[in-house]
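Q: Right, I'll just put the structure down here and ask away after.
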Amino acid sequence: MITGNTRLYAILADPVAQVRTPQVINAWFREHQVDAVLVPMHVPAGDLDAVLDALRRMRNLGGFIVTVPHKTAIAERCDELGPAGQAIGSVNTVRRTADGRLVGEMFDGAGFVSGLQTQGHDLAHKRVLLLGAGGAGSAIAFALAQAGAASVTVANRTPARAHALVERVRKALPQATIEAGAPEPEGHDIIVNATSLGMRAEDALPLDVERLAPDMLVAEIIMKPEQTRLLDEAQRRGCPIHHGRHMLDRQVALMTQFLLQGQPEAVN
Ligand SMILES: NC(=O)c1ccc[n+]([C@@H]2O[C@H](COP(=O)([O-])OP(=O)(O)OC[C@H]3O[C@@H](n4cnc5c(N)ncnc54)[C@H](OP(=O)(O)O)[C@@H]3O)[C@@H](O)[C@H]2O)c1
């Protein structure tokens, strides 16, 4: 039941009809008996400043989730950024403080790493091949380096993007062993598909699956379909696999924890 006390949350996107966050987060609020509701807000890029100005003034707004195309623009407009948001330059979650300040953070990478860990996959001493240097790939590269992976190789269709990402990670985390490279699985323990290849049945595979060995963990971040062709091919070759939904599950936990921080309904 929504009452006058219910705290408001939103997801800002353009388009917005396809997002699944309202279902997932509202189910979480219900399950945890948090008096809050999250609603979709269709906000084109050109209207972002006007909408943010209004949201800052809305006293019962606890915060919002951010997705395409606003992740970078909102990071630039936040009053404060968490460490991942600062390093990556984009955010997917923003908390509104009591005095109307916006505090942003990016949980894509932390969600992926936490998803691996909850499934029993430790990153220490692991050499990771990361396919994709887009939005999610960038966040995952930082999180892998931060979590202490032995090494990270970033392979991207557009090599310049992989090189730029590697430079940014090295600057933020000088102790990290990270380089740009080819999508060649040999010499790696974990392969991560962070490209958008695999969402459509006709998509090419993101690497040559004949080169996979059964001791390599193959991880997806694509959620739909749950079992991508890459995961099928990996399984057929005896590789352990890791589904994209684990990243989302952990992100929801991290996002809600962040959004509810300092709020009367906070759940620990
Ligand atoms: N599980 C989760 O919680 C979660 C969270 C976020 C995203 N995702 C999923 O992650 C995927 C990527 O999202 P994103 O936001 O990172 O997208 P993005 O910023 O658009 O990046 C797309 C990436 O895929 C590569 N790519 C696209 N088409 C390709 C092709 N034909 N051949 C080779 N590489 C190709 C791009 O390479 P170029 O740089 O060369 O273009 C880039 O590295 C999407 O499927 C999204 O649904 C999942």
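Quick grid of which residues meet (1) touching a Pro at 6+ places or on another chain (Cβ under 8 Å); (2) not hydrophobic (A, V, I, L, M, F, W, C):
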site	(1), (2)
129	yes, no
133	no, no
136	no, no
156	no, yes
173	no, no
184	no, yes
188	no, yes
214	no, yes
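Q: Could you tell me whether any residue of the range 95-103 is under 16 Å from the mean Cα position of the chain (by Cα) and away from the ligand (no atom under 13 Å from the Cβ)?
A: Our first condition is that a residue be under 16 Å from the mean Cα position of the chain (by Cα); within the range 95-103, this holds for none.
No, every residue in the range 95-103 fails to be under 16 Å from the mean Cα position of the chain (by Cα) and away from the ligand (no atom under 13 Å from the Cβ).
Q: Right, next: Which condition number in (1) surrounded by 23 or more Cβ atoms within 10 Å (Cβ to Cβ); (2) in a helix (DSSP H, G or I); (3) within 15 Å of the ligand (Cβ to nearest atom) is the one that residue 145 fails?
A: Tallying (1) surrounded by 23 or more Cβ atoms within 10 Å (Cβ to Cβ); (2) in a helix (DSSP H, G or I); (3) within 15 Å of the ligand (Cβ to nearest atom), residue 145 fails exactly one: (3).
Q: Mind listing whichever residues of the range 214-246 are within 14 Å of the ligand (Cβ to nearest atom), in a loop (DSSP other than H, G, I, E, B) and hydrophobic (A, V, I, L, M, F, W, C)?
A: 221, 222, 223
Q: Take residue 210 and decide whether it is buried (at least 22 other Cβ atoms within 10 Å of the Cβ), under 20 Å from residue 182 (Cα atoms), of a type in the set (Asp, Glu) and modelled with pLDDT of 95 or more.
A: Values: buried (at least 22 other Cβ atoms within 10 Å of the Cβ): no; under 20 Å from residue 182 (Cα atoms): yes; of a type in the set (Asp, Glu): yes; modelled with pLDDT of 95 or more: yes.
Judged against the criteria, residue 210 is not a match.
Q: How many residues are open to solvent by less than 70 Å² (accessible area, probe 1.4 Å), assigned to a helix (DSSP H, G or I) and more than 8 Å from the ligand (Cβ to nearest atom) when one looks only at the range 251-264?
A: 8
Q: Could you tell me whether residue 173 is touching a Phe, Trp or Tyr at 6+ places or on another chain (Cβ under 9 Å) and more than 11 Å from the ligand (Cβ to nearest atom)?
A: Details: touching a Phe, Trp or Tyr at 6+ places or on another chain (Cβ under 9 Å): yes; more than 11 Å from the ligand (Cβ to nearest atom): yes.
So residue 173 fits the description; yes.
Q: Still on this model: With respect to the numbered conditions (1) open to solvent by 50 Å² or more (accessible area, probe 1.4 Å); (2) within 16 Å of the ligand (Cβ to nearest atom); (3) not in a helix (DSSP H, G or I), which one is the sole condition not fulfilled by residue 122?
A: Residue 122 satisfies every listed condition except (2).
Q: Which residues, counting only those in the range 48-103, are assigned to a loop (DSSP other than H, G, I, E, B), of a type in the set (A, V, I, L, M) and either free of Cβ contacts under 8 Å to residues at least 12 places away in the same chain or closer than 15 Å to residue 138 by Cβ (or both)? Step through it out loud before you land on a result.
A: Initially, the range 48-103 is screened for residues assigned to a loop (DSSP other than H, G, I, E, B), giving 58-60, 67-70, 78-79, 82, 89-92, 97-101.
In the following step, the residues that additionally are of a type in the set (A, V, I, L, M) were identified as 58, 68, 91, 98.
Once the filter is applied, which keeps residues that are assigned to a loop (DSSP other than H, G, I, E, B), of a type in the set (A, V, I, L, M) and either free of Cβ contacts under 8 Å to residues at least 12 places away in the same chain or closer than 15 Å to residue 138 by Cβ (or both), the range 48-103 yields 68, 91.
The values are calculated or read from the model by the stated rules, or taken from the named source; none is laboratory data. Since the structure is predicted, the reported quantities are computational estimates derived from the model, not experimental observations. Heads up, the Cβs are rebuilt from the backbone with ideal geometry, glycines too, and the neighbour counts pull from every protein chain shown. Heads up: the accessible areas ignore ligands, DNA and RNA and are worked out on the full protein's heavy atoms, side chains in. Shrake-Rupley method; radii C 1.70, N 1.55, O 1.52, S 1.80 Å.
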